[in-house]
Structures are given as structure tokens and as C-alpha cells.
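Report on one structure; see the data block that follows.
The values are calculated or read from the model by the stated rules, or taken from the named source; none is laboratory data. Keep in mind that this is a model prediction, so the values were computed, not measured. Please note: Cβ atoms are built from the backbone with ideal geometry, for glycine as well, and neighbour counts cover all protein chains shown.
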2 protein chains.
Amino acid sequence: MIEEQTPERLREAFIGAMGRVMASVTIVTTDGGAGRFGVTVSAMSSVSADPPLLLACINRRSPACRAIAENRVFGVNVLSTEQREVAQIFAGRSPSGPPFDFGCAEWRVHYSGAPILQGAVAAFDCRLLTSYDAGTHRIFIGEVIEAFAGAGQPLLYGSRRYARADRL
Amino acid sequence: MIEEQTPERLREAFIGAMGRVMASVTIVTTDGGAGRFGVTVSAMSSVSADPPLLLACINRRSPACRAIAENRVFGVNVLSTEQREVAQIFAGRSPSGPPFDFGCAEWRVHYSGAPILQGAVAAFDCRLLTSYDAGTHRIFIGEVIEAFAGAGQPLLYGSRRYARADRL
């Protein structure tokens, strides 16, 4: 019988293994009575096409988390390989500009009022359907009210680096 | 004021826009009293590191969905670029072998009993923590009990094709 890992070792193994996964990089935004916020998120996924639903997992300590819960709307912006700097700014770790600053790019507003990024590979304007707390994060389920497909190639992140997709 | 899209157009726009997203390809497996099943899933995401949690969205009409709910355990296997054929088999669309056939690869079993794929880029052995229905799909939240990092490069899928990640 194999011994069960300690919580510390399991956490380390989980982070190491999950780091191998490559995912598209998104900026999740919101605006409304609770203010305008955006945060870089790679934990985003399609959920259903009938009706169109998606999800995004956001750290509960992020100001964007509380604001999405209160504003009840959010936008999901799938970054292109040209928007690496925007990813860094909304991850709070840009060397070149103020963190979380919407001035770094152009945005427009549709139904929900959440900022939708110009030049994104894809974008989704969502009403918050429901949310679930899970560990350190909250899973937001969005009912998509508008979906946009743009040009460009999606920016990927994994193994602690940005990447682009190449045909196999 | 922009007119709201009809449900049909919104669905089409959603599928088109979500198709632009690139994601790592996984096989979600289960075994137990409700039987052994596996299905190809790209809607998988990390949720939390403290404690280690992840999620996978599975069509409620998939036999794997019912089996995971009953077995209360599942494995998430992140495929490498060498495992494209395994992805096709567990998507039920391989031209070369029977669909959903575990004989196409080597698997081992850890705590949960869910099949863990040899040669995967990463793998996670999970107990089912909870699940939520959302549209056509069910969101399974897994408590990770073991995590494995392997070698190789993750297999990506998006824009209706397989791909690999290249450094930017």
C-alpha cells in the first residue's frame, strides 16, 4: 500500500502537475455599482452551448471577485499573442505600467456594461447565473448574452511561460 | 440600441467564438460499481491549490457522467502530443479502433481506482467533492488526492484542430 502524501507534498505535486497544462489566457472584467475591475485568468472553460454558458475561477481575495458578485455581470476576453502585455498588467506583474490599468488597451461596452477588449481573439459578454465557492477560489457561471470572434492567435500560458499554438 | 441576438444566432456565435479558444486535451476516467468509463474533455480547469481542487465539465448524456456521479471518483489525464489517437478514441471518433476502448493505451490504478494514463503530461487522481448541473453539462469538482507530472508536451485543441505549444 502506497502511503498517502502529506498535504504539503500533495499541494506541491498538484502545482507542479497543473503547471504542465497549457491554457488560453483571458481577462475577466466587470463594471457596475461595485466598480470596474479586471483580472487575468487562465481557469476559464466552456460549459454548455444550449444555453451558452461558461465558467471562470477567480481567487476570492481578488477585488474582481467581490465586484462580479455584486455587479452580476462580467466579460471574458480571450487574449491574442499580441496582448501579452495586457495579460501581465491584469496579472498585477507588469514591469512597464500600473497594474490593473484599463488604460493599457481599448475597450468597448455592450449589454452588460463589462469591458470588452478590442483585438481579442474571442470575447463573451455575460450575466452572472450563479457562483460556487471552492477552496481559495469562486467559480462564476456566466450566461453568455453576446459572443464575439476576432482575428489573431490565442495567447497560451503553461510551464511558467507564454506560448502560441502551432499545428501538429 | 443594438438588437439582442436570437437564441439560434447566439448559439452559433458562442460556438464560433469558443472554438477560437485553445485548451489542453484530457481524458476523464472513472471506475467502480457503476463501471469503467473514459471520455475526452477539453473543459477542464484548475480551481484551487489550498486544498487542491479541479473541475471538469461533462455532457450529461455521456455514460461517463452518470458513472462518475455514482462511483464518486475520477481521474484527469492530460494528454501529450504523442497521444492524439487516444484523444480520438475517447471522443468516439477514431477511424482506426473501437471507440472508448481502454485497450488503446496503458493505464494504472492508484487510490481512487480511476484509470491513470501512462505517458500523460500530467494526471490527477480525484475524489468527487460535488457537482453542479449547468445547461447540457455537469460540472464535477474533484478533490485531488494524488497528482503526477510526466514528460512530453501537452496536446492542444482549438479551431477544430490539434496543436502543440511553441514558445513565443
Seminar exercise, completed: Of B:SER45, B:SER62, the only residue that is polar (S, T, N, Q) and either under 23 Å from A:PHE140 (Cα atoms) or surrounded by 22 or more Cβ atoms within 10 Å (Cβ to Cβ) (or both) is B:SER45
Seminar exercise, completed: Note on segment A:93-113: residues out of contact with any helix residue (DSSP H, G or I) (no Cβ under 8 Å at 6 or more places or on another chain) and surrounded by 14 or more Cβ atoms within 10 Å (Cβ to Cβ) are A:PHE102, A:TRP107, A:HIS110, A:TYR111, A:SER112
For this session: Evaluate the following for B:PRO52: is it at pLDDT below 95 and either away from chain A (no Cβ under 12 Å) or crowded, with 20+ Cβ neighbours inside 10 Å (or both)?
Result: no
Problem set entry | Any strands (runs of 3 or more DSSP E) falling wholly within segment B:68-168 and containing at least 2 residues that are in contact (Cβ under 8 Å) with a residue 24 or more places away in the chain and farther than 29 Å from A:GLY135 by Cα | B:161-167
For this session: Would you mind telling me which numbered condition in (1) in contact with a helix residue (DSSP H, G or I) (Cβ under 8 Å, 6 or more places away or on another chain); (2) within 14 Å of another protein chain (Cβ to nearest Cβ); (3) outside any strand (DSSP E or B) A:CYS65 fails?
Result: (1)
Exercise. Does B:GLY16 satisfy the condition of being modelled with pLDDT of 95 or more and more than 9 Å from every other protein chain (Cβ to nearest Cβ)?
Worked result: no
Exercise. Among the residues of segment B:155-167, is any exposed (fewer than 15 other Cβ atoms within 10 Å of the Cβ), farther than 28 Å from A:ALA56 by Cβ and acidic (Asp, Glu)?
Worked result: no
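Those residues that are among the small types (Gly, Ala, Ser) and under 15 Å from the mean Cα position of the chain (by Cα), I need them from segment B:92-130; list them, please.
B:GLY92, B:ALA114, B:ALA120, B:ALA122, B:ALA123
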For this session: Take the residues in segment A:19-43 that are closer than 20 Å to A:LEU79 by Cβ and within 7 Å of chain B (Cβ to nearest Cβ), then tell me which one is nearest to the chain's Cα centre (by Cα).
Result: A:ALA43
Exercise. Which of the residues spanning segment B:138-168 are more than 7 Å from chain A (Cβ to nearest Cβ) and β-branched (Val, Ile, Thr)?
Worked result: B:ILE145
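Determine whether B:LEU128 is within 11 Å of chain A (Cβ to nearest Cβ) and in contact with a strand residue (DSSP E or B) (Cβ under 7 Å, 6 or more places away or on another chain).
no
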